1. Whole number please: convex hull volume per residue of the Cα set in the stretch 568-717, in Å³?
2. Mind checking the dipole of the stretch 568-717: about its Cα centre, +1 per Lys or Arg Cβ, -1 per Asp or Glu Cβ, Debye to the nearest 20?
3. Counting Lys +1, Arg +1, Asp -1, Glu -1, what net charge surrounds K194 among other residues with beta carbon under 12 Å of its beta carbon?
4. Beyond 32 Å between alpha-carbons counts as too far, so tell me which of K155/K584; K104/K155; K517/K593; K170/K691 fall in that bin.
5. Kindly rank 75-84, 629-638, 241-250, 139-148 from highest to lowest mean number of other beta carbons found within 10 Å of each residue.
6. Given the peptides 583-591, 52-60, 699-707, arrange them by the average over their residues of other C-beta atoms within 10 Å, most packed first.
Amino acid sequence: MKNVLALTFAAQLCALWPSVSHSADFAAYEQQFPLKGRKTFRAALQEGEALLTQSTLTPQQRTFVLHRTALHLVRLGEYDRARNRLEALASHLSTHPDDSMQGKYHWVHGDLAFRLGHNQSAQSHFLSASQFFSRTQDWRMLSHTYRMAANAVAKGSPDLNAIEHIALAKHYAELDNNISLHNAAFDTEARIYKLFGQLDRALESRQAQLSWLGQQSEPDEAMLSSTYYGLADIFVDFGDHQAALDAFMQSYRYDEQVNDHLYMGQNQIRIAEQFLQLGNLIAANKAYEQAKVLSESIAHKRNLGWAIAGLGRVEFAKKNYPQAANLIGQGLALINPVHSQALHSQHLVWYASALSHQNPAQAIEQLASFFEVTPTDTMVEAAKVLAFAHLQQQDFAAALRYQTHATELLQQQTEQSRLTRLEAKKRDAELHLETLKVNQLQSGLDEQKRQNKLQSVILAAAIIVLLNFFLMFYLYHLKKRKVMEKEAAVLNQALTLKQQLLADVSHELRTPLTVLKLNIEALQHNLITDPDATYTLMQSRLSMLNTLIADIYELAQADTHSLQLDLQIRPAKALFDELLSAIKPLIAQHELKLNTQNTLSDTLEIACDIDRMHQIFNNLARNSCHYTNKPGQISVTITQQAEHLICHFEDSSPGVGDADLPRLTERLYRCDKSRSRDLGGSGLGLSICQKLTELHQGQLSLSHSKLGGLCVTLTLPLVQPAQSDN
């Protein structure tokens, strides 16, 4: 009996063994990823591929492995396999949805598109990823995603959206308390400004980055090194080689502290280049030799070739042309022309320049097929080298031709600079006109604010005087102390309400005005590729301001009882059918479904101002459109209850909290304090609806909708039929 039990247990253990083994394999695979540098991408990819062949993976485990292997394939440059793996991941997620992994799928897809140069597609995927990470409140990935989106935008053309994305990347890095991501956002910001030609702003960004790193309790040496390296690059563009040299040396000191031979070698190369520019050939040669030793120690081919070629440049400066050609040629052979195209092109021209002094025919052979008539610094230098080489061969016609090319390319560069300056002046003139318009608008708003403030003060003063008169008349002898306390309380309340209203209005005006200011600055600095679209955007912002002012004025009229209704008696059913028809296009435009039910009798009548009723329905429809997720629905039900008409206006999710519900009709109140005015409303729609409903002797109430959103209920009195005489 014991033998039978033992055999049975052994059989069960053997059956379970593959599953246990596979689970352990996945656990080991998953555990390695938080530990950076533990394994190479190739080794991790092979482990993942082996796991995908196992049928015992859970759906969540398979999602994880599909995502990681796709990421590794992108990192390894195997883009076709990466695309196929992403398709497999998308198919798997369609049956096993996961918001976090959906976001990571879009992130890897965006990274792939970015590496392939498909910048528009990359932007789209990164922004889709941000939506999923927002749902899961993954601040780390949100910061990472917006930084990559900024890179994709900047790689296409100068666009202010890139800087906006970087601001979001910093914000979410701060929420996550992630120093490395915050530092990476600074790096990207400076690089984008440098790419846009805004060297002064790039310099400001690097200085702000250094200040921010200095505020950290334990500044990271690698981050400080990278920041000083970027700062030095900006000084190089400014032509300040001494400042660049100092910054590169500071960067090298931090790399030396962490013993990073890769960046130590690259820093020594850049230090040598600055010494070369400053004419210190001995120091330049020493730095290149040190860079060579460091690069050899880690077998880094590109930096090794760069350093060897640099030694050749020192020999060239000494006019030792054969040795210069030999060294630059050796270095050029180590620089990959695909992965380091710009660096390879520069060294090819230097190589040909060294050859032209001893072997002009070989120099011509090296550069003739490479040369293009494009106005870049490299091509200008290539044309000059070709002209010199042909001159050495006494081929004066070819020498003249290439010298002419060099001159023409320089002229084209000069012309491009001139046209850029002219375009900037033209934009400045246009911007000046727009600035005048904005200033006029601002003057009008200031005048309106002064008038509103004066009216508020007069109204408050009148109320206080009346209260004082009656209180003093009735309670002078018996309640003098209470009267004074009441007077003070009323005054403070009036002042508080006034200050709150002014603060809210100022905030709502500041948001669109800030957007206008940013667009004007973007036009001023020539960061806008499509001025007409920017002017259209500015016009829409001005329209929003006009709407806000109009709504404030209308509420002020209602408060002072100067808003009059043009009441007409209309058939209730036909009127509300007309109101529903009027809002259908607006709801359809926002891709929402409208369900309506009007059960009123044809004999019922209502007294109302038709234009104001349209305004109420339009405001309610816009409110639902702005704050309803797509796809969603809106339901309007109109019924009779005794002597009143009841209209329920409901929408689907998202809903509002119990604490926010009774405050929605407060002026300028928003549940989400971060919600921008870009949704198009003024924040006064429900307040206006409530006032207009009350003027119709009705009521407006708010509750939770059965559809998951908000339910607005309008209760309006019906016209009573005339009593017939008997």
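What follows draws every value from the coordinates through simple rules; no lab data is involved. In this text, all values refer to a predicted model and were calculated from it rather than measured experimentally. Ideal geometry is used to build each Cβ from the backbone, glycine not excepted, and the neighbour counts take in all protein chains shown.
1. Values: hull volume 15.7 nm³, N = 150.
Convex hull of Cα atoms, per residue: 104 Å³.
2. Numbers: 15 positive and 16 negative charges, 97 e Å.
Computed about the Cα centre, the dipole is about 460 debye.
3. Charge balance in the 12 Å sphere: -3.
4. Values: K155/K584 42 Å; K104/K155 22 Å; K517/K593 38 Å; K170/K691 42 Å.
As for pairs spanning more than 32 Å Cα to Cα, those are K155/K584; K517/K593; K170/K691.
5. Numbers: 75-84: 14.6, 629-638: 17.4, 241-250: 19.8, 139-148: 23.7.
Packing order, densest peptide first, comes out as 139-148, 241-250, 629-638, 75-84.
6. On the way: 583-591: 14.2, 52-60: 12.3, 699-707: 16.2.
Taking the mean over residues of other Cβ atoms within 10 Å, the ranking is 699-707, 583-591, 52-60.
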